[in-house]
1. Need the failing condition index for residue 326 against (1) touching a helix residue (DSSP H, G or I) at 6+ places or on another chain (Cβ under 7 Å); (2) at negative phi; (3) modelled with pLDDT of 95 or more; (4) surrounded by fewer than 21 Cβ atoms within 10 Å (Cβ to Cβ), just the number.
2. Please state which of the following conditions residue 305 fails to meet, knowing it meets all the rest: (1) outside any helix (DSSP H, G or I); (2) at pLDDT 95 or above; (3) over 26 Å from residue 183 (Cβ atoms).
3. Is there a residue being more than 17 Å from the chain's Cα centre (by Cα), surrounded by fewer than 16 Cβ atoms within 10 Å (Cβ to Cβ) and within 22 Å of residue 193 (Cβ to Cβ) anywhere in the stretch 289-304?
4. Report yes if some residue within the stretch 77-91 is within 27 Å of residue 224 (Cα to Cα), touching a helix residue (DSSP H, G or I) at 6+ places or on another chain (Cβ under 6 Å), at pLDDT 95 or above and outside any strand (DSSP E or B); otherwise report no.
5. Which one of the conditions (1) more than 30 Å from residue 199 (Cα to Cα); (2) out of contact with any helix residue (DSSP H, G or I) (no Cβ under 9 Å at 6 or more places or on another chain) does residue 240 fail to meet, given that it meets all the rest?
6. Which residue out of 264, 241 is modelled with pLDDT under 95 and either farther than 23 Å from residue 350 by Cα or surrounded by fewer than 18 Cβ atoms within 10 Å (Cβ to Cβ) (or both)?
7. Within the stretch 173-194, track down each residue that is in a loop (DSSP other than H, G, I, E, B) and under 26 Å from residue 268 (Cβ atoms).
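The values are calculated or read from the model by the stated rules, or taken from the named source; none is laboratory data. Just so you know, these numbers come straight off a predicted model, no measurement behind them. Every residue, glycine as well, gets a Cβ built from its backbone with ideal geometry; the counts of neighbours run over all protein chains shown.
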């Protein structure tokens with residue numbers, strides 16, 4: 001029997017992983033206790049998505065467990081043992097604004113929870129591939145010190161600069177302001193690498209840009225494109241925080257991200273790290289995203305601007321995907337920004 005374990009299985013990346021791998025494994029085990037509701041309120045609950053997975057896939061087995069509870073995790077892993085071939089660890093406290101309110105909770109979920117998962121893998125299924133969903137926030141605000149140029153709708157970087165294609169994995173994680181969230185994810189990121197390099201486990205770390213897709217339970221503090229589209233549909237007010245609304249993000253559809261996971265699973269490189277985003281293929285500024293949402297919905301958005309940017313926020317971030325593409329040349333991005341936003345629009349309208 002071949003088993004896949006997915007944490008955060010009711011969330012954006014986790015549920016996409018269940019959808020993607022349910023037909024490829026005998027059993028997909030989900031671990032998710034809907035802490036997103038605790039973080040961001042009822043509107044961000046993932047319970048609807050968990051129920052969808054249970055109703056859709058007969059081979060999906062859900063556990064409403066907290067990844068901070070090591071003994072509960074050990075019970076789950078003991079049930080499946082060495083049959084576990086793949087672990088996708090997507091559970092997280094994902095907001096750097098929220099993390100500052102409860103640093104102990106943030107660190108417990110992001111850092112301790114990750115070590116708990118790594119230890120269970122090492123004890124019960126050491127040959128399994130372990131994939132960790134990290135974040136570009138591990139680079140802190142180092143990207144903000146690049147020589148950026150202001151254009152009409154966005155910040156950019158000169159075409160002759162080495163980082164014009166995007167930021168690679170060699171950017172320093174040191175001497176920078178990460179946010180509390182970024183720091184807890186650094187701890188998890190480094191530990192995942194270490195279990196690969198020190199213990200020889202098949203770990204892979206994916207530092208995501210903006211991860212997005214139609215099943216994101218977007219809220220003001222997390223889920224940029226999903227929440228923006230929700231505001232465009234409902235007429236809710238949206239606040240832009242700092243940088244003249246010209247801050248740039250690359251956006252990767254969760255299907256393309258999970259496809260990266262599959263390529264790594266089929267040919268793992270223990271301890272490896274990859275930046276994972278939309279790159280130059282799919283990116284936008286806040287101003288440009290608002291214009292696209294207005295175009296897709298046909299609605300004029302209600303928004304205001306605050307001069308105060310979020311602490312540790314990136315002014316410009318685009319991922320350089322060349323390392324992963326060199327290691328896995330058959331992988332490619334399939335959803336551009338307009339396609340992704342159209343999917344989000346249709347899903348939110350139906351929901």
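1. It fails just one condition, (1).
2. That leaves (2) as the condition not met.
3. No, because not a single residue in the stretch 289-304 is more than 17 Å from the chain's Cα centre (by Cα), surrounded by fewer than 16 Cβ atoms within 10 Å (Cβ to Cβ) and within 22 Å of residue 193 (Cβ to Cβ).
4. There is at least one residue in the stretch 77-91 that is within 27 Å of residue 224 (Cα to Cα), touching a helix residue (DSSP H, G or I) at 6+ places or on another chain (Cβ under 6 Å), at pLDDT 95 or above and outside any strand (DSSP E or B).
5. Of the numbered conditions (1) more than 30 Å from residue 199 (Cα to Cα); (2) out of contact with any helix residue (DSSP H, G or I) (no Cβ under 9 Å at 6 or more places or on another chain), the odd one out for residue 240 is (2).
6. Testing whether each residue is modelled with pLDDT under 95 and either farther than 23 Å from residue 350 by Cα or surrounded by fewer than 18 Cβ atoms within 10 Å (Cβ to Cβ) (or both) leaves just 241.
7. Correct list: 173 only.
This table checks each residue for (1) assigned to a strand (DSSP E or B); (2) touching a residue at least 40 places away in the same chain (Cβ under 8 Å); (3) under 19 Å from residue 292 (Cβ atoms).
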site: 160; (1), (2), (3): no, no, no
site: 199; (1), (2), (3): no, yes, no
site: 215; (1), (2), (3): no, yes, no
site: 229; (1), (2), (3): no, yes, yes
